[in-house]
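Reading through the structure tokens given below for one structure.
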Amino acid sequence: MLAKGAKSKCYVAHNLEPSPIDLQLVQESYPTRVALQDSHLQQLADVSSVPLASLKLSGGKLSRLGHELKSVLARFERPLRP
């Protein structure tokens, strides 16, 4: 919280438009071709499987985690390899 609110020197209003630097960073962070995006997501899934296995989750907890991940990944509207 800022002591003077919007009058504070470091106040920044809500920014709904990405700056050129924001756009550049997004483009550098995420592949633009769908095939590369799929590969990127698969790499993330492969890397995350190691720490997940080390958690030794019960069947119920692992199932719940799987449902949560599925709902998040469903937003990508493309299948991931098992």
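The values are calculated or read from the model by the stated rules, or taken from the named source; none is laboratory data. On a predicted model such as this, the values are computed, not experimentally measured, just so you know. Here the Cβ is made from the backbone with ideal geometry for all residues, glycine too, and neighbour counts use every protein chain on show.
Numbers for the structure displayed
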read-out	value
Residue among Leu73, Leu62, Leu80 that alone is at pLDDT 80 or above and surrounded by 10 or more Cβ atoms within 10 Å (Cβ to Cβ)	Leu62
Identity of the residue in segment 15-50, among the acidic types (Asp, Glu) and either outside any helix (DSSP H, G or I) or at pLDDT 85 or above (or both), that ends up surrounded by the fewest Cβ atoms within 10 Å (Cβ to Cβ)	Glu17
Test set (1) in a loop (DSSP other than H, G, I, E, B); (2) of a type in the set (A, V, I, L, M); (3) surrounded by fewer than 10 Cβ atoms within 10 Å (Cβ to Cβ) - Ala6 fails condition number	(1)
Test: Val12 is out of contact with any Gly (no Cβ under 9 Å at 6 or more places or on another chain) and not in a helix (DSSP H, G or I)	yes
Filter result (out of contact with any Pro (no Cβ under 8 Å at 6 or more places or on another chain) and of a type in the set (Ser, Thr, Tyr)) within segment 1-41	Ser8, Tyr11, Ser19, Ser29, Tyr30, Thr32
